[in-house]
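The structure appears right after this line, and notes come after that.
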Amino acid sequence: MKRRRGSPPEPGCLRAWAAESRALVDRWRAARCSGPGGAAAREVRQQRGAFEELLLKMRGLPAALPALPLELTVLYNSLLFTMGASDFAVKEEAEGICQGLLRVLEACGACGQDLSTEELWQKVLQEVTVEELQAPLHRLGALQAAWWLAASRLGSTAGLFRLLSNTEDSGRARCSKGENELLSLLKAWQVPAEEASLPLVQSAKDLKEILCTAAAFLQGLQELEAGNFPTALSLLQEAAGGFCSKRVLAQIYTCLGYCAQRMGKPQTALQHLKRALQVDFQCFPALSHVAAVYHELGETEAELQALALLYEALEKKPPAAASSSPHFLIRTELLVHTPILASLLRHRHPSEVKYLLAQRCLQDGRVADAVEHYLDFLSLLQEGLQQQVPLDGDSPLPRIPEVFLEAASALEQAGRHHDAITLCEEVISRTTDLIPRMLRVEERLQQLECPLPGAGLSQQKENLCCLAWRAAGYLHQGWAWATLGESKEAITQFSRCLGDLLRVQIYGTGVQPTENLLPEVEVLQKIRLLSLIGRGTQFLELGKHKEALLDFQHGLQISPGDPAAAPYLVQALWKLDCKQEAAAQWQKFSRSTPGEERQGRPVPLYLVSCLQRAAFPGHEALAGSIRDYLGTPNRDPAS
């Protein structure tokens, strides 16, 4: 390229700028080795301003080749402080690099105003051959790569290092079969030697190591998100052997643990996660993943221990982690920001962990522990929990009414029936005004209708959820009163539940199977069935066998062949002295195989105890009576 002889600065001015640059670097090197983190952070901001001021002085004159090595070095140091002063790489700040490249082209008598950043780099590296500019340009190229990595522009980064490799060597950097190209290009890049006359606040050698680690980490996360787990594992292992802080290393091991878990290797996952905790004991997301692995393995005791440790650690409210050491202005954590990483490293709120403890204990039948955890969680609600915990897709917290109903279920199973009734009343009272007087529901099509104009699908589903919670509150109250021996009060609550469900008009074929039912509709149908069974059992207790029979028949219309409702129907017929019909029905239901029963989605946790309560308790006694009636004492009546 043809050189343009610009108007170089006076030699004394150039020497003064170089001395000022060296003084700033020396000041930084002294500051980073002393003082608390806060003082170092202030020093970063001050140094950033000082280098920017120096750069403005130099750019006040036309670009000239004698001054460009110093100018590009000052730009490099200035941008290092720009990145070091922020929590992540700011893409807009990379414009400073483009201005530097344009100054290079200006000094060489060329123009690149209309070129993109990639095109600008290509023009400069292919056409500018001035030897004194090669090292400053390569360092600036590494800085550009840092910004592109921070923006997950891996292709642009690889293209830049192909140019850098071509500039250094006529042969393109090659990678062997199966080797990652970007990592091969980064490793093949020859770091320019640092010149004593142009000191740097962070060496290009250190920057290269950080770029390699960040590139491996980023690509590993991309492969993890894409489901390419073996490739992700290899790249994350490469990152774990790279140049990073203990905090980042713990994050990498956490990602390795998650990757191994997705590969079906839970024991390997546990090894990686435990390694993460050994590296950084405050890597709480790793402990959360440990609990998830134990849950997958079905090791409830170990899972609960992990959750208890996590809750205890979060409750201690340790001092905020000190900011990363400013020894390196560009660090791996500044370059790696992806949604999947944020999701994997999401810090649980203590109340979320408390809820998980309650939920797991209830699912495992540890009723006393479940009650304790649920009551602790509910007390946190009164402290403004809803404002503290974002109820996003990653949160384990269900909707608050469901938590109340789960707690009521735990209290019922613990024999605290009056407390359960009180909690359910809270749910009922808070949802009463949220439910329209009438809802029209398409049974299978994902479209709901409501007289409210302009109401969307989400609002319709919300209405159904509120109705389900309110009805479930009455359902739990009914079973609680039944356990207390108050059959009349139990019938009242079951009837209120059924009355609430009359608000819903369900349109559909009513045929099996149920896979295409709206989840909300299926829950409502299950609540209706359980209420009919509950009310029918209480009619039986009061000797009202005809009323009981009608409820059980209605229940079987909702769910034909239901294993809970069918024997109750037989019992009601038997008590009405319709023994021949009872025996026929028994034989019919007994011939049904489990595969013929209605298989729907798992019911919500707050309904599990109601399902257990609805199970027919006198199966053997009723079967014996029917055998005696049929004169088949040694055979099943169905045979």
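Quick notes on this one:
- Rounded Å value of the spacing that divides the Cα centres of the range 284-299 and the range 207-233: 23
- For Val504, residues with placed amide H under 5 Å, excluding near neighbours: Leu439
- Excluding ligands, DNA and RNA, the accessible surface per residue across the range 324-377 is 36 Å² with a 1.4 Å probe.
- Under Karplus coefficients 6.51, -1.76 and 1.60, residue-wise ³J(HN,Hα) of the range 275-287 in Hz, glycine/proline x: 5, 4, 6, 5, 6, 9, 5, 9, 7, 4, x, 5, 5
- Accessible solvent surface per residue of the range 140-271, calculated while the other protein chains remain in place, 1.4 angstrom probe, Å²: 41
- Peptides 282-293, 402-413, 358-369 ordered by packing proxy, namely the average of other Cβ atoms within 10 Å per residue, highest first: 402-413, 282-293, 358-369.
- Note that the range 151-156 has calculated 3J(HN,Hα) couplings of 9, 6, 8, 5, x, 5 Hz, one per residue in order, obtained from phi through the Karplus relation 6.51 cos²θ - 1.76 cosθ + 1.60 (θ = phi - 60°); glycine and proline are x.
The values are calculated or read from the model by the stated rules, or taken from the named source; none is laboratory data. All values reported here derive from a predicted model rather than from experimental measurement. All Cβ positions, glycine included, derive from the backbone under ideal geometry; neighbour counts span all protein chains shown. Just so you know, the surface numbers come from the protein's heavy atoms only, side chains and all, with ligands and any DNA or RNA stripped out. Shrake-Rupley method; radii C 1.70, N 1.55, O 1.52, S 1.80 Å.
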